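Each remark here refers to the structure printed beneath this line.
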C-alpha cells in the first residue's frame, strides 16, 4: 500500500517538472552548460626553443663603501654599454622556462667627477619564468622574472680617487683588477612578433639587480656595492617544434623580375689597433680599442640571385689605451656605401651570400683628456689632441648566411670587414707647442645579425 501511495505522488510531480521544462525550452531555448575556459591559442608553439638577444645597457651609478681601511667611498658613474646573450628554454602552453647567460659591458665615465678610462664587465647566469599574453597570432606581449647570479670584473688601467669619510679628505690611489660575485635577480617585460610558427622576434627591457657584493680593492680595502643594470634588447627565438612537418622551400622570385627590399642590422664591432704616425716620423700614437657596436639600414634591388643596395651604418668604439695609457676617449662615425651581393641557393631555406661594397666613412675622434704619446727619441710626452673629424674613401667585404623564413622575410647573420686606407688627425705637443699631422688606416670588423623584407613577393 505505501509503495502505491509513493508512486502516485512521484508520477504527478515528475510529469509537472517535465511540463515546466518544456515550457521553458519553448520560450527561452535549452540551457547550455558553462563554457570551458578558452584553450591556449594553437599558434603558440610548444617545445624547445633557443633565443639570441643583445642591445644597449644603462648601468646605474655605484657608491662603493670600504669596510676595512680608510673608511673610503667611491661614487662611480658609467657610460652606456652593451650586452649580448643566449637562452635555451621550453614553452609549455603560455608559459616559458629557460636558462640564460648574458655578457655585460660598461665603460666607467667618472669617479668623483674625474674622467676614467676603466671598464666593468661580467656575466649574468640564471633561470627565467615568463608568461605570454597573446593578442593575436602575431603579437605576443610577455612578462617574467629570473633568479641567478652575476660575476663582475673591474679593469682599472688608470689611477683613481678615493675619499676618507672620517676625515673628509681625498686622494689618488691605484686599484687592482678584481672580481666579485653575488646573488642576482631580474624582471623582464617585452613584446614578441611571430611572423611564422618557428620564428619569434623580441623587443624587451630587463632590469638586473644584485645583493651586496665585494667588487674591487682600493689600497687593500675591500669595497661593497650593489649592481643595478637596465638592458634594452632586441632578439630572435627559434622554435624547433614550430616548423611544419613537411619540407618547405620558399619558391624563388619570378625570373627576370626586379624586387625592392629593405633590411636592418646591428651587432658588435672590433676596431683594429691603429698606429698613427707623422710624416717626419717624430710622433707616433699607438691606439687600441674596446669592443664597440654598430647599427644600420639598407634599401636595395634584388634581381634573380644578385642584389645591389645603398647602405648606412653608424659605428661607435671606445678607446682602450693610447701607448699603453688607459683612455676615456671615443671614435664614432658613419659608413655610406653601395654594395653588390650574390646569393648562393642551396635548395633549402638557408642561403649563403657574399659581396663587396665601396663608399665613404666619416669618423669623429673625441678626446676628453690629454694623452701621452711616444716620440722618435723613445720618450713619452704629454700632447693635446683636439676632437677630429675626417672623411675618407672606404671599402668592405661581406660574407653571411640568410634564413628564408617566408617568401618576403629573410633573417641573416654576417661578417663585414670595413677599411679606409687613410684617415688623418693631429696632435699638439706641450713641450715645443708644435702641431703634427698624423695618418693611419681604419679597419673595423662587424659581426651582425639582421632581417630583410622584400616587397612584391
Q.
Looking at residue 373 and the list (1) over 24 Å from the mean Cα position of the chain (by Cα); (2) surrounded by fewer than 20 Cβ atoms within 10 Å (Cβ to Cβ); (3) modelled with pLDDT under 90, which single condition is not satisfied?
A. (2)
Q) How about region 192-228: which of its residues are at pLDDT 90 or above and closer than 14 Å to residue 150 by Cα? A) 207, 208
Q: Hey, could you check region 351-370 for residues that are over 18 Å from residue 301 (Cα atoms) and at pLDDT 90 or above and say which is surrounded by the most Cβ atoms within 10 Å (Cβ to Cβ)?
A: 361
Q: Output the number of residues of region 96-107 satisfying the condition of being farther than 27 Å from residue 293 by Cβ and surrounded by 15 or more Cβ atoms within 10 Å (Cβ to Cβ).
A: 1
(Q) Can you confirm whether residue 162 is at pLDDT below 90 and assigned to a strand (DSSP E or B)? (A) yes
Q: Given the conditions (1) modelled with pLDDT under 80; (2) surrounded by fewer than 21 Cβ atoms within 10 Å (Cβ to Cβ); (3) within 16 Å of residue 364 (Cα to Cα), report the number of the one that residue 328 does not fulfil.
A: (2)
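The values are calculated or read from the model by the stated rules, or taken from the named source; none is laboratory data. No experiment lies behind these values; they were computed from the predicted model shown. No Cβ is skipped: glycine too gets one built from the backbone with ideal geometry, and neighbour counts run over all protein chains shown.
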